[in-house]
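First up is the structure itself, then whatever we jot down about it.
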Amino acid sequence: MRPRWWRLGALLLFGSLASTIGAGRGTAADVLRFADSQYQPVAWTDLAGWADDDHKAAFAAFLASCRAKSAKQRPANDTIASVAAALRSLCARTRAAGPLDEPAARRFFEDNFRPLRIAKLGQADGFLTGYYEPIINGSRVPTAEFTAPLYRRPPNLVASGARSLGGMFPSKGVKIGRRVGRRYIVPYYTRGEIEDGALDGWHLEICWVHSQLDVLFAQIQGSARIRLDDGSVLRLNYDSYNGWPYSSVGRVLIDRGLMTKDEVSMQRIRAWMEANPDQAKDVRRQNQSYVFFRIMALADKDEAMGAQGVPLTAGRSIAVDRALHAYGTPFFIEADLPMTNDKTTAPFHRLVIAQDTGSAIVGIARADIYFGAGADAARVAGRIKHPGRFVMLVPRTLDPIAAASAMPLPPPRPDATSLAESPFIVGP
């Protein structure tokens, strides 16, 4: 059962709770400030299913993130920088420990983190979706069967303010397009323009797949295994995109009355597009965003690589909003999800690690859960579009309570229950 809290004096109660579940206060530089959010310290015993989770599996995923911490990252704000620094410090001690058994893994999380229930301002729940790595038939050369190319990054794709992109390409916060002369960047080609041949002659084709629908689904998932006609497998991963905002084709189908919200899933979208190729072309092109890929040196047994630069773990890795969260941050998810079929849900109470991102993943309590590769993973991922409660595991060296105590509460909203009714601390 979710805890009930007193309405008045909430900040004092939260400060007392933090002293019982945390180990001291952080310094002024270590306080956290979550914009447009509400957050509530909770006890481990308040987390539904915490004691029954597989902490050993979660620790293995966390350890994978720790091994990537030497990679240079550019924090989007001071809070992300503080969390990333605290995680690096913790990881420096963790890497030497190696794998832990179940009791030790649970103690590790409880001893080194404090649980903080977090949500968007005015909401109790966040939102969950699922993703997977598709396995797609293809060819290294165009044939009568394989006609749609998957492209590598074009040389004329640029990001403003970036002198040297190296292997990383920004997905948010910068202007992306084509440079005209020395001073101007104009929008890059849209999906429709690229499908119509805007990149013909650039020799950017990695391989060819059956249709533009295969291209779209590979781009939405951010990776793909291409089973070539010679028996080999190409492992492709997200490299960059054309700068146009992502638009959900499911939303287009709903807005046009072609599907209801309850009917939309990846499987139903694909079935509709295959049955209605002419309409599908127009619907597909409403999403003007277009993804470019790179070839990964991964074996067939390896999972897809996340944006953090570590192999994803099915059921334990999530994609988050990179503008709001640091890679490697653990989250405990409390949700009821349709894991086995469309009609029934089951408790999904699981500790997961932020190891990926995506342009459609926006918000403080928003996550895309990675479910693995192939048809079975696709069926599970395609069903997930459900609310869930998010608990962020904050390193104990950080103190969100001090930041909240120093901030005035915003004025009450006239069209909603007063914020005094909320059990959460309110962010700036």
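See the values below:
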item: Efficiency of FRET between Arg256 and Asp52 - r from beta-carbon atoms, R0 51 angstrom, step 0.05; result: 0.70
item: Rounded if a/c under 1.5, otherwise prolate or oblate - the stretch 245-371, Cα gyration tensor axes; result: prolate
item: Too-long pairs where the Cα-Cα distance tops 24 Å, listed order kept, from Lys120/Lys261; Lys120/Lys343; Lys120/Lys175; Lys301/Lys343; result: Lys120/Lys343; Lys120/Lys175; Lys301/Lys343
item: Segment Gln267-Thr147, length gained on full extension (0.36 nm per residue, minus Cα span); result: 41.0 nm
item: Overall form of the stretch 31-125 per C-alpha gyration tensor (a/c, 1.5; a/b vs b/c); result: oblate
item: Selection of trypsin sites (Lys or Arg not before Pro), the stretch 295-381, meeting DSSP coil and at most 16 other Cβ within 10 Å; result: Lys301, Lys343
item: Shape category assigned to the stretch 145-296 from the gyration tensor of Cα positions, a/c cut at 1.5; result: oblate
item: Contour minus Cα-Cα distance for Asn276 and Glu102 (0.36 nm per residue); result: 57.6 nm
item: FRET efficiency estimate (nearest 0.05) - Cβ-Cβ, Arg33 to Ala297, R0 45 angstrom; result: 0.65
item: Partners for Lys56 among aspartates and glutamates (Cα-Cα distance below 14 Å; same-chain residues under 8 apart left out); result: Asp101, Glu102, Glu110
item: Ala346 paired with Arg179, simple spin-label distance in nm, labels 7 Å along Cα-to-beta-carbon; result: 5.4
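None of the figures in this text is laboratory data; all of them are computed from the coordinates on show. Computed from a predicted structure; not experimentally measured. FYI the Cβ positions are ideal-geometry reconstructions off the backbone, even for glycines, and counts take in every protein chain you see.
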